[in-house]
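Report on the structure given below.
The values are calculated or read from the model by the stated rules, or taken from the named source; none is laboratory data. Note that the coordinates shown come from a computational prediction; the quantities given were computed from them, not determined experimentally. In this analysis, Cβ positions are derived from the backbone assuming ideal geometry, glycine residues included, and neighbour counts consider all displayed protein chains.
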Amino acid sequence: MPFERTLVLLKPDCVQRRLMGKIISRFEEKGFNLIAMKMLQVTPDLAKQHYAEHVSKPFYPGLEKFITASPILALIVEGLEAIRVVREMLGATSGLKAAPGTIRGDFSSSRQMNLVHASDGLEAAAREIGLYFRPQEIFSYSPTLTPWFKADDE
């Protein structure tokens, strides 16, 4: 089974609440590779590109105000079934509905200020990664631990 890549954004509330390290460690402990990472300020233009399907919706102005309010940390997470597994690790969109043990279930109590974003499919991951990273900023690698995360016949 090939590795997948997904974009993860640690949103302004995650940065401001100083939860970046705790959340990054969850992905590493799960066995994922972090192959790109950078802190940046989302501009209104980038927000419109990222959330293109929501721009005309009534809640979009508040979403743009939130995502541009503080720096974010953008990551590319790589691993087996990374898109599905990372989204399961995040939990339900609303922190109040997210199961305990998920990132949002453990640290969020809001629908909008839910700490993290992750791509919802292969096409979205490719598009979103292209918005935040240039190819030369991505560093795929194979840690020596890789054989210890799953059996060869899985």
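Considering segment 108-123 alone, what residues qualify as being of a type outside the set (V, I, T), modelled with pLDDT of 95 or more and surrounded by 15 or more Cβ atoms within 10 Å (Cβ to Cβ)?
Here is the first cut: in segment 108-123, the residues of a type outside the set (V, I, T) are 108-115, 117-123.
In the following step, the residues that additionally are modelled with pLDDT of 95 or more were identified as 115, 117-123.
The answer is L115, H117, A118, S119.
For residues in segment 42-67 being in contact (Cβ under 8 Å) with a residue 40 or more places away in the chain and touching a Leu at 6+ places or on another chain (Cβ under 9 Å), which is farthest from F3 (Cα to Cα)?
So, considering only residues that are in contact (Cβ under 8 Å) with a residue 40 or more places away in the chain and touching a Leu at 6+ places or on another chain (Cβ under 9 Å), the one farthest from F3 (Cα to Cα) is I67.
Name, by its number, the condition in (1) in contact with a strand residue (DSSP E or B) (Cβ under 8 Å, 6 or more places away or on another chain); (2) at pLDDT 95 or above that does not hold for G31.
(2)
If you scan segment 42-85, which residues turn out to be among the polar types (S, T, N, Q) and surrounded by 13 or more Cβ atoms within 10 Å (Cβ to Cβ)? Explain how you work it out, then say what you get.
Filtering segment 42-85 for residues among the polar types (S, T, N, Q) gives 43, 49, 56, 68, 70.
Within segment 42-85, Q49, T68, S70 meet the criteria.
How do the pairs read when you match residues in segment 14-33 that are surrounded by 14 or more Cβ atoms within 10 Å (Cβ to Cβ) with residues anywhere that are aromatic (F, W, Y) and part of a helix (DSSP H, G or I), using Cβ under 7 Å and keeping only pairs 6 or more apart or on different chains?
Taking only residues 6 or more apart or on different chains, the pairs are L19/F107.
Working carefully through the options R111, R127, find the one that is farther than 18 Å from L10 by Cβ and within 16 Å of the chain's Cα centre (by Cα). Outline the logic, then answer.
Values: R111 fails: farther than 18 Å from L10 by Cβ.
Checking each option against the conditions leaves just R127.
Under the condition of being within 25 Å of F3 (Cα to Cα) and among the basic types (K, R), which residue from segment 86-107 is surrounded by the most Cβ atoms within 10 Å (Cβ to Cβ)?
R104
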